1. Find all pairs meeting these conditions: Cβ atoms under 7 angstrom apart; at least six residues apart or on different chains; first residue within segment 6-17 and more than 13 Å from Lys90 (Cβ to Cβ) and assigned to a helix (DSSP H, G or I); second residue of a type outside the set (Gly, Ala, Ser) and open to solvent by 60 Å² or more (accessible area, probe 1.4 Å).
2. Is one or more of the residues making up segment 42-49 under 23 Å from Ile146 (Cα atoms) and either modelled with pLDDT of 85 or more or of a type outside the set (Gly, Ala, Ser) (or both)?
3. Hey, does segment 70-77 have a residue that's within 27 Å of Gln9 (Cβ to Cβ), in a helix (DSSP H, G or I), modelled with pLDDT of 90 or more and open to solvent by less than 20 Å² (accessible area, probe 1.4 Å)?
4. Of (1) at pLDDT 95 or above; (2) open to solvent by less than 70 Å² (accessible area, probe 1.4 Å); (3) closer than 25 Å to Tyr186 by Cα, Glu13 satisfies all except one. Which?
5. Return yes or no: is Ser211 under 29 Å from the mean Cα position of the chain (by Cα), assigned to a helix (DSSP H, G or I) and among the polar types (S, T, N, Q)?
6. Here is a list of conditions, (1) within 30 Å of Thr56 (Cα to Cα); (2) surrounded by 13 or more Cβ atoms within 10 Å (Cβ to Cβ); (3) charged (D, E, K, R), and Arg212 meets all of them except one; can you say which number that is?
Amino acid sequence: MNSFEVTNQMLDEFRQSASPYLTDIEKIEYKNSQESHIQKKNRDCSILKIHISSKTEYQKLNLDPIYENWDDVFPYTKEIKSIWNSLLRKYKSLDSYDTKIGYVFFSCVETDTKYKIAYNSKDEIHTKLECLGLPKFRHIFCDSEIEYSLLLKNEKDYNKYVSFSIEKIKDLILQILNSKCLGLNYKFSLNDFKCHLYHEKMKGLDLYGLSRED
């Protein structure tokens, strides 16, 4: 069993059973991991990933957004595993090795969606800033924390952006991002992203680090 389709019926039953511990569950995924660092610890390791809809509800889990729930720090991990394994038995979905769940991970749909919007808006941000008469910049990077890094060719161009002000740049970016949120239950705020200015001659610039966008 490498992947497993969770039916709507299973999802509804899981939501109901897990409701004392979790709310706002949008979807769940269940699969065996192919990641080597997981298999080193547990060769036959299945993972349940729970996608929480809103950032507000996700924050209530008090999980590190990078490490998630690697060490079962979520206090009701045992109960969640038990609920899911019961559903697997009910629907006869355990594989031939009876591989029960190894890890429970969580993600936030709102956060993931906002990042995708932010990342896919880089070209439009580039174009809109140039339409204002500002110099062309070399690159625009966007990391997973939604921190934009605008790289200018030289200090002269950099100073023109500084004079224009980072606040105006952020206002323009905010307008672009929120134009992509039609039909969603949330929008961006100025607190949802950051913006930094750099130029290629800047001392100590880690261009490789910026380009990784991680």
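The values are calculated or read from the model by the stated rules, or taken from the named source; none is laboratory data. No experiment lies behind these values; they were computed from the predicted model shown. As a convention, Cβ positions derive from the backbone with ideal geometry for all residues, glycine included, and neighbour counts pool all protein chains shown. Ligands, DNA and RNA are excluded from the accessible area calculation, which covers all protein heavy atoms including side chains. Shrake-Rupley method; radii C 1.70, N 1.55, O 1.52, S 1.80 Å.
1. Every condition considered, the pairs that remain are Leu11/Lys27.
2. Initial filter on segment 42-49 (under 23 Å from Ile146 (Cα atoms)): 49.
Okay, now just the ones that are also either modelled with pLDDT of 85 or more or of a type outside the set (Gly, Ala, Ser) (or both), so 49.
Checked against the condition, which is being under 23 Å from Ile146 (Cα atoms) and either modelled with pLDDT of 85 or more or of a type outside the set (Gly, Ala, Ser) (or both), segment 42-49 yields at least one hit.
3. Yes: one or more hits.
4. All conditions pass for Glu13, except number (3).
5. Numbers: under 29 Å from the mean Cα position of the chain (by Cα): yes; assigned to a helix (DSSP H, G or I): yes; among the polar types (S, T, N, Q): yes.
Considered against the rule, which asks whether it is under 29 Å from the mean Cα position of the chain (by Cα), assigned to a helix (DSSP H, G or I) and among the polar types (S, T, N, Q), Ser211 comes out as yes.
6. Among (1) within 30 Å of Thr56 (Cα to Cα); (2) surrounded by 13 or more Cβ atoms within 10 Å (Cβ to Cβ); (3) charged (D, E, K, R), Arg212 violates only (2).
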